[in-house]
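Following: one structure in C-alpha cells, then a few remarks.
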Number of protein chains: 2
Amino acid sequence: MTWIDLRDDGWGLDNLPYGVFSTGGPDRRVGVAVGGHVLDLGAAARDLWPAMAGTFAEGTLDRFMARGRAVWDETRERVTGWLTDAAHERAVRPHLVDRDAVRLHLPFTVADYVDFYASEHHAANLGRMFRPGQEPLTPNWRHLPIGYHGRAGTVVVSGTPVVRPCGQRRTPDGDIVFGPSTRLDIEAELGFVVGAPSEPGMPVPMEDFADHVFGACLVNDWSARDIQSWEYVPLGPFLGKSFATSVSPWVVPLAALGRARVEPPVRDPRPLPYLDDAGMEDWGLDIRLEVRLNGHVVSRPPFAGMYWTAAQQLAHMTVNGASLRTGDLFASGTISGPRPDERGSLIELSWAGESPIELPDGSKRTFLEDGDEVVITATAPGRNGSAVSFGEVRGVIVPPRAG
Amino acid sequence: MTWIDLRDDGWGLDNLPYGVFSTGGPDRRVGVAVGGHVLDLGAAARDLWPAMAGTFAEGTLDRFMARGRAVWDETRERVTGWLTDAAHERAVRPHLVDRDAVRLHLPFTVADYVDFYASEHHAANLGRMFRPGQEPLTPNWRHLPIGYHGRAGTVVVSGTPVVRPCGQRRTPDGDIVFGPSTRLDIEAELGFVVGAPSEPGMPVPMEDFADHVFGACLVNDWSARDIQSWEYVPLGPFLGKSFATSVSPWVVPLAALGRARVEPPVRDPRPLPYLDDAGMEDWGLDIRLEVRLNGHVVSRPPFAGMYWTAAQQLAHMTVNGASLRTGDLFASGTISGPRPDERGSLIELSWAGESPIELPDGSKRTFLEDGDEVVITATAPGRNGSAVSFGEVRGVIVPPRAG
C-alpha cells in the first residue's frame, strides 16, 4: 500500500501533519511528518510539483495556510500519492529526513491569539475556587463561548524553556507583594490555526469552519494563578498569562480529524441561531490528551466533552465583524473532564493547592517548581483502530533571570 | 531658519511625525510630515543618505522602528538639517509631496495590541455604571496599571469606515437577544508604539522607556457597550472591542514630546518599586485632545491627569518577562478628566444613556447612530508657544453588511 516504512505510532498516512524544521543550519523548511521521517516539502515540490514550490519556499507555513482549502486538500492528496505510489519512491526518498534528527520551529507566524474557556468542568471548578459562594458558572457562560485575546508575541514552540514570571500578588493577609509567581500552572488545551483570512465586517458562519481553519495543535497556556487572581477583575487575565504560551510543532490538518468527529454535548439553553449547531456537521472531537509532570501522567483530559466546539468559537469570534488573518490561533481553553483525573490544570488537580499531587518519587506538587517538565500529548482516532498523533508540547520551568 | 514654508499649525520642525503614504498608485512610501508637505523619506535617503535607503524602502515604518533610538535620533537630526539648511533645498524639494494630496495608510504592522485603563476618572465612572453599589475602583486599580490584550488584526487607520458590530446582549428584562449593537461608543486614547524589541524573560524598566518606544498616535477604541457588559465577566472585553480600533496615521516621535512632559499625579498608595517613578524622568504628558461628533466638539480630554504613565505601563507589561516586538501598540485607556466635558467616551458623557448629548442641529445622542462621524484630534506644546499636532483619527459608522 505504501513504499515508505511506517511505524504504527500515530504518524501514518492518515495524519500527515505540517511543520517547520531545520537540520543544523539556519535554514528553516516546511515539512510533513510521516512515520519516522520528515518529508521536505519545498524540495519535493521543486522536483514533483514546481507550481507549488514557491508556496513552500519560506520557512513558515504562512503562505501555504493562506492558499485555502482547495490547495490544502490537493496537497494532502499529492503527498499521499508520493508516499504510496512506488513510481515516486526514487524521486521522493532523497527528500526524507530522519524525524529524530530535526529541530522543530514555530510552524507559522501567530497573528492574533485568542483563548476560550469551553470546558464546563474547568469553568465551574475555577468559578468555585476564584469566586467562592457564588454560582460557579457566570450567567453568560452557557450563552456564548467566553474568550479573550492573549499575547501572540510570546507564543513559543514546544521545548522552549519557560521563565517563571514575576509579578504582583495579594497575600492571604491582604498585603500586595512582588516576586516570582508561587502558583505557576499549566492549561492543557487544543489550538486551532486559521489559514484562510476573512473580510472585515463579514462574520464566518459555523458551516464555513473547514474553509478557514487549517488544522489543530496542542497548547499549554502557562498561567501564574497568583498574578492572575489579583489582576483579572475587571478586564481579564493579562500578565498571569502573557509570559509564555507553548504550542506543539506539528499542525494536524482538519482533514486528519475526520474519524475524531463526534456529536458535541447537548446545550441547554439552546444557543442563539449563529451558535446553534443542531443538525449541522459535528465538530465535537474525540481527542484524548495526556499530561505528564516529570514523566508521570497526572491527567487524561478528554476533548470530546467540551461544551463549545471550535466551529462555534470561530463563528462567535467573527460575529461582530472581526476579520481573520492567516496565523490566527484560537485555543479551546483548559480541557477538563468530569473526573478528578481528567482535569487539565494543576489548580484543579490540587484543588487550589489544598490537595497536593503525589509523584512516584515521593515528592508532592501543588504548582510547578523550577526544573519541572510538563509534556502534553494527544491522539485522535485513525484508520483501522490506529491513532493520529498530535506529538507533544513540552516545557521546563526555569527561574527568573537576574534583572 | 528654514527654507521650507511652514504653517503655524502644529506641523513644524518640532513635530516631524512619521507615516506611510501613497499618491494614487499602489506604492506605499515612508514619509515625514512638515508644514503642508510630506517628505518622501525613502527617495530623499536614496539621494542624501544612501546607507539608510533600505530602512525606508518598504511601505511601513517597521524596519525603521526596529533600528532603535540612536537611528531615530540621527534620522530626526538629518531631516531637520535637510529642511533648515538652504544648501539642501535643491536636493530635498523634489521629494516633497502635498500633504493634502496623499492617501495615508496604517503606518506600521501591529504586533500585539494592549489597551490599558489608566484614567482614574474613567475607571471610576465605568465602575459606577457597570457595578453599581460597589466601590467604583476595583481593589487592584491603584496598585497596577490594569490592561488587557485587544485584537491586533482589526487595528485600522483613520478614515476606515467602522461597521456596526452585531452580537449578544442582555435586555433590561433579562432576555438574551442578538442584533446590531445599540450602544456603540468611542474611547479617546493615546497609543504608544514599540520600536525596539526586548528579550524574552527580561523586564523593561521604566528608565528604558525611550529606548523602546518610538512614538505616539491617537487611538479610538470603538466599544459596543451592550456586547461588552454581557460578555466581560470573568475574562474581560472581547467582541465588544475586537471589531475595530482606529489609529491616527502619523506617529509623533517621543523626541517631539519633550515640551509636553509633566509630573504625573501623586499616587497613593506608593506603587511597588518597579512602578515607582518618584525621582525619575517625568512621563506625564500635557497632551490635550478634542473629540468631535459630526463636527461638534463634545469633549476635551486632558492626558496630563492620567494616573499611570506609559513608562509605568511598559514596565508593568514586561515585568513578567513578556517580550516586546517591533509594532507592539499599547493604548492608554480612555482619557477622561474630572470635568463632565472632559470625558473620553459617550457612555460617560451621556451617563449610560441617561443624559443625552445635544448637538447644534438639535439632535440628541446617547450612543452612535449609523452615519455618525467621530474625529479625535490632539496637540502637545511645541516651540515658542506653538503646538505639536497629532493630526486626527476619524471614523464613520456604517450599518452591518447583509450576511
(message) Quick check on my filter: what residues within region A:374-403 are at pLDDT 95 or above and surrounded by fewer than 15 Cβ atoms within 10 Å (Cβ to Cβ)?
(response) A:398, A:399
(request) Of the conditions (1) in contact with an Asp or Glu (Cβ under 8 Å, 6 or more places away or on another chain); (2) not in a helix (DSSP H, G or I), residue B:177 clears all except one; give me its number. (result) (1)
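Please find, within region B:94-111, the residue that is nearest to residue B:35 (Cα to Cα) out of those that are in a helix (DSSP H, G or I) and touching a residue at least 60 places away in the same chain (Cβ under 8 Å). Step through it out loud before you land on a result.
Step one: list which residues in region B:94-111 are in a helix (DSSP H, G or I), which gives B:94-95, B:99-101.
Keeping just the survivors that are touching a residue at least 60 places away in the same chain (Cβ under 8 Å) gives B:99-101.
Details: B:99: 8, B:100: 11, B:101: 13 Å.
Looking at residues that are in a helix (DSSP H, G or I) and touching a residue at least 60 places away in the same chain (Cβ under 8 Å), I get B:99.
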(request) Read through the list (1) of a type outside the set (Lys, Arg); (2) at the interface with another protein chain (Cβ under 8 Å from one of its Cβ atoms); (3) over 20 Å from residue B:127 (Cα atoms); (4) in contact (Cβ under 8 Å) with a residue 40 or more places away in the chain, then give the number of the only condition that residue B:178 fails. (result) (4)
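Could you tell me which of the residues B:147, B:195 is in contact with a Phe, Trp or Tyr (Cβ under 6 Å, 6 or more places away or on another chain) and more than 23 Å from residue B:346 (Cα to Cα)? It would help to see each step written out before you state the result.
Working: B:147 fails: more than 23 Å from residue B:346 (Cα to Cα).
So the residue among B:147, B:195 that is in contact with a Phe, Trp or Tyr (Cβ under 6 Å, 6 or more places away or on another chain) and more than 23 Å from residue B:346 (Cα to Cα) is B:195.
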(request) Specify which of the listed residues (A:233, A:251) is free of Cβ contacts under 8 Å to residues at least 24 places away in the same chain and assigned by TED's automatic domain parsing to the domain that holds residue A:123. (result) A:233
(message) If I go through region B:343-361 residue by residue, how many of them are closer than 19 Å to residue B:150 by Cβ and part of a loop (DSSP other than H, G, I, E, B)?
(response) 2
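Quick check on my filter: what residues within region A:124-134 are under 18 Å from residue A:234 (Cβ atoms) and not aromatic (Phe, Trp, Tyr)? Reasoning before the result, please.
Of all residues in region A:124-134, those under 18 Å from residue A:234 (Cβ atoms) come to A:126-127, A:130-131, A:134.
Listed by number, the residues that qualify are A:126, A:127, A:131, A:134.
Every residue in region B:18-53 that is among the basic types (Lys, Arg) and under 20 Å from residue B:89 (Cβ atoms), please.
Step one: list which residues in region B:18-53 are among the basic types (Lys, Arg), which gives B:28-29, B:46.
Across region B:18-53, the qualifying residue is only B:46.
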(message) Restricting to region A:321-342, name every residue that is farther than 18 Å from residue A:308 by Cα, within 12 Å of chain B (Cβ to nearest Cβ) and either in a helix (DSSP H, G or I) or within 17 Å of the chain's Cα centre (by Cα) (or both).
(response) A:326, A:327, A:328
(request) Go through the residues of region B:163-171 one by one and say whether even a single one is away from chain A (no Cβ under 12 Å), in contact with a helix residue (DSSP H, G or I) (Cβ under 7 Å, 6 or more places away or on another chain) and outside any loop (DSSP other than H, G, I, E, B). (result) no
(request) Give the residues of region A:78-93 that are assigned to a helix (DSSP H, G or I) and surrounded by 12 or more Cβ atoms within 10 Å (Cβ to Cβ), sorted by residue number. (result) A:78, A:79, A:80, A:81, A:82, A:83, A:84, A:88, A:89, A:91, A:92, A:93
(request) Determine which member of the set B:294, B:320 is buried (at least 24 other Cβ atoms within 10 Å of the Cβ) and either of a type in the set (S, T, N, Q) or at pLDDT below 95 (or both). (result) B:320
(request) Evaluate the following for residue B:42: is it more than 14 Å from residue B:83 (Cα to Cα), buried (at least 18 other Cβ atoms within 10 Å of the Cβ) and at pLDDT 95 or above? (result) yes
(request) Determine which member of the set A:158, A:223, A:198 is of a type in the set (S, T, N, Q), closer than 30 Å to residue B:163 by Cα and modelled with pLDDT of 95 or more. (result) A:198
(request) Check off (1) touching a strand residue (DSSP E or B) at 6+ places or on another chain (Cβ under 7 Å); (2) at pLDDT below 95 for residue A:25 and give me the number that stays unchecked. (result) (1)
(message) Against the definition (within 14 Å of chain A (Cβ to nearest Cβ), without any contact (Cβ under 8 Å) to a residue 40 or more places away in the chain and in contact with a Lys or Arg (Cβ under 8 Å, 6 or more places away or on another chain)), how does residue B:276 come out, yes or no?
(response) yes
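Among the candidates B:31, B:19, which residue alone is of a type outside the set (Phe, Trp, Tyr) and in contact with an Asp or Glu (Cβ under 7 Å, 6 or more places away or on another chain)? Outline the logic, then answer.
Working: B:19 fails: in contact with an Asp or Glu (Cβ under 7 Å, 6 or more places away or on another chain).
Step by step, each of B:31, B:19 is checked, and only B:31 is of a type outside the set (Phe, Trp, Tyr) and in contact with an Asp or Glu (Cβ under 7 Å, 6 or more places away or on another chain).
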(request) Pick out the one residue from A:349, A:285 that is at pLDDT 95 or above, away from chain B (no Cβ under 14 Å) and more than 18 Å from the chain's Cα centre (by Cα). (result) A:349
(request) Only residues in region A:198-224 that are over 23 Å from residue A:320 (Cβ atoms) and in contact (Cβ under 8 Å) with a residue 40 or more places away in the chain count as the first member; pair them with residues that are aromatic (Phe, Trp, Tyr) and assigned to a strand (DSSP E or B), Cβ under 9 angstrom, at least 6 apart or cross-chain, and list the lot. (result) A:215/A:18; A:215/A:192; A:216/A:192; A:216/A:390; A:217/A:192; A:217/A:390; A:218/A:390
(request) For region B:112-158, name all the residues that are assigned to a loop (DSSP other than H, G, I, E, B), of a type in the set (Ser, Thr, Tyr), under 22 Å from the mean Cα position of the chain (by Cα) and facing chain A (nearest Cβ under 10 Å). (result) B:117
(message) Please verify whether residue B:209 is over 15 Å from residue A:235 (Cβ atoms), within 10 Å of another protein chain (Cβ to nearest Cβ) and under 19 Å from the mean Cα position of the chain (by Cα), treating the condition exactly as stated.
(response) no
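Of all residues in region B:300-320 being part of a helix (DSSP H, G or I) and in contact with an Asp or Glu (Cβ under 9 Å, 6 or more places away or on another chain), which is nearest to the other protein chains (Cβ to nearest Cβ)?
Step one: filter region B:300-320 for residues part of a helix (DSSP H, G or I), giving B:303-305, B:310-318.
Retained after the next criterion (residues that are in contact with an Asp or Glu (Cβ under 9 Å, 6 or more places away or on another chain)): B:303-305, B:311-312, B:314-315, B:317.
Details: B:303: 20, B:304: 23, B:305: 20, B:311: 17, B:312: 13, B:314: 13, B:315: 11, B:317: 7 Å.
By that ranking, first place goes to B:317.
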(message) Against the condition basic (Lys, Arg), more than 24 Å from residue A:180 (Cα to Cα) and either free of Cβ contacts under 8 Å to residues at least 40 places away in the same chain or away from chain A (no Cβ under 14 Å) (or both), how does residue B:259 come out, does it pass?
(response) yes
(message) So for region B:362-374 (the condition being acidic (Asp, Glu), without any contact (Cβ under 8 Å) to a residue 40 or more places away in the chain and outside any loop (DSSP other than H, G, I, E, B)), does at least one residue qualify?
(response) no
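The values are calculated or read from the model by the stated rules, or taken from the named source; none is laboratory data. Given the structure is predicted, the values throughout are model-derived calculations rather than measurements. Cβ: placed from backbone, ideal geometry, glycine included. Neighbour counts: every protein chain shown.
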